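Report on the structure given below.
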Amino acid sequence: MIIAGKVTPEDLPKICPLVSRKTNGRYGESLTRVVEVGDVRFGAERPVVIAGPCAVESREQTLEIARAVKHSGADMLRGGAYKPRTSPHDFQGLGLEGLKILREASEETGLPVVTEVMDVRLVEQVAQYADMIQVGSRNMQNYPLLVEVGRLGKPVLLKRGMAASLCEWLGAAEYIANEGNLEIVLCERGIKSHSSSEYSRYSLDLNVIPAVKAESFLPVIVDPSHATGVSAMVEGASRAAIEFGSHGLIIEVASDRLDAAKPQCDAAQAITPRALRRIIRFIDARQPQVAEKQYAA
Ligand code: PEP
Ligand code: MN
């Protein structure tokens with residue numbers, strides 16, 4: 001029986017010839033394309049750590065966390081100015097004001113910043129303030145958005161749809177690549193499974209990391225914060241991701257000051273700057289198990 005729309009990794013050279021290893025011979029069987037965001041190199045020798053608040057909630061909150069994650073050793077700053085929320089009645093982000101705050105925090109700390117764009121109409125606005133553009137899980141298959149983001153030519157962080165197969169994820173990357181932009185970093189952020197939301201927010205699919213590496217040369221990082229939804233699980237998930245060969249991590253951090261306001265968004269999964277420091281120490285101390293050859297673009 002032939003099932004309409006059924007795809008397997010054997011179909012990848014047809015679905016995504018630009019990002020598939022089999023069709024883009026430049027990267028051979030194991031080379032990773034290095035994606036640069038300022039001085040930060042995804043897919044190079046050392047895993048990259050992106051950290052910051054879930055949402056930009058105020059100038060003070062963002063500057064405080066940006067300084068703290070810099071102090072802990074993070075390479076890049078994250079923070080949402082436009083937030084995808086389940087309810088339209090929840091905090092939606094500060095929008096343009098949030099982008100300006102992120103830019104200020106980036107300039108003060110020297111950390112390049114990644115932030116999400118959800119709306120095709122706002123792609124240019126977000127690109128003015130961000131060093132890297134995030135396409136979130138809910139928009140991984142928003143094809144017009146992928147095309148617009150691809151046209152910008154800026155590095156893109158493409159999160160995996162929460163129910164996306166590997167083929168669908170790489171197909172989404174192909175939309176960006178098809179506009180002439182191969183500056184793409186993939187991000188596994190947890191998938192829906194029979195047990196997701198029973199004891200964690202999603203199920204962290206670490207197995208996809210070696211699978212991505214086998215099928216594509218694009219760097220792949222892990223988001224342990226949204227994958228677990230539980231701050232106590234974030235350190236273990238981070239270490240496991242690195243052991244599985246992740247090229248980096250993107251982690252949500254909140255202030256640990258006793259009088260700090262509780263984050264309006266994803267408070268239960270935020271870790272402290274001190275916990276972030278422990279994760280970065282783990283990365284620093286770890287000898288690469290497998291020396292991956294590098295290939296600069
Ligand atoms: C985020 O990183 O802010 C986010 C909303 O993540 P995701 O799209 O993976 O849910
Ligand atoms: Mn979040």
Trypsin sites (Lys or Arg not before Pro) within the stretch 1-52: which are DSSP loop residues with at most 12 other Cβ atoms inside 10 Å?
6
Loop-resident sites, the stretch 138-228, for trypsin sites (Lys or Arg not before Pro), counting at most 16 other Cβ within 10 Å (DSSP):
192
Mind telling me which of 75, 223, 11 comes out most flexible in a GNM of the chain, alpha-carbon contacts under 10 Å?
11
Need one word for the chain: rounded, prolate or oblate. Basis is the Cα gyration tensor (sqrt eigenvalues a ≥ b ≥ c); a/c below 1.5 gives rounded, then a/b vs b/c decides.
rounded
Shape category assigned to the stretch 3-73 from the gyration tensor of Cα positions, a/c cut at 1.5:
oblate
Using +1 at the Cβ of each Lys and Arg and -1 at the Cβ of each Asp and Glu in the stretch 1-132, identify which of 50, 88, 9 lies farthest towards the dipole's positive end.
9
Rounded to the nearest 20 debye, what is the charge dipole size of the stretch 1-80 about its Cα centre when +1 sits on each Lys and Arg Cβ and -1 on each Asp and Glu Cβ?
260 debye
Among DSSP bridges having both ends in the chain, what percentage is antiparallel? Round to the nearest 5.
15 percent
Top of 242, 15, 50 by mean-square fluctuation, Gaussian network on the chain, Cα under 10 Å:
15
Using a Gaussian network for the chain with springs between C-alpha atoms less than 10 Å apart, which of these wobbles most: 245, 52, 28?
28
Sorted by chain and number, the residues with a modelled amide H under 5 Å from that of residue 251, at a separation of 5 or more or across chains, are 50, 51, 52
Label the stretch 1-119 by shape, choosing from rounded, prolate and oblate, from the square roots a ≥ b ≥ c of the eigenvalues of the Cα gyration tensor; if a/c is under 1.5 it is rounded, and otherwise prolate applies when a/b is larger than b/c, oblate when it is not.
oblate
The chain - Cys residues lacking any other Cys C-beta under 4.7 Å:
16, 167, 187
The set of residues whose placed amide H lies less than 5 Å from the amide H of residue 156, leaving out same-chain residues fewer than 5 positions away, is 133, 184, 185
Residue by residue through the stretch 280-285, which ³J(HN,Hα) values in whole Hz follow from phi under the Karplus form 6.51 cos²θ - 1.76 cosθ + 1.60 (θ = phi - 60°), with glycine and proline marked x?
5, 4, 4, 5, 4, 7
Quick one: which of 70/100; 6/83; 70/192; 83/262 span more than 23 angstrom between C-alpha atoms?
6/83; 70/192
Backbone HN-Hα couplings from phi across the stretch 104-111 [Karplus 6.51/-1.76/1.60, Hz, Gly and Pro as x]
4, 5, 5, 5, 5, 8, x, 8
The size of the Cβ-based charge dipole (Lys, Arg +1; Asp, Glu -1) of the stretch 197-249 about the Cα centre, to the nearest 20 debye, is 80 debye
Dipole magnitude (debye, nearest 20) for the chain, charges at Cβ of Lys, Arg, Asp, Glu
360 debye
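Bear in mind that the values in this text are calculations on the coordinates, not laboratory data. Predicted model only: the values in this text are computed from it and were never measured. Quick reminder, even Gly has a Cβ in these numbers, built from the backbone with ideal geometry, and neighbours come from all protein chains shown.
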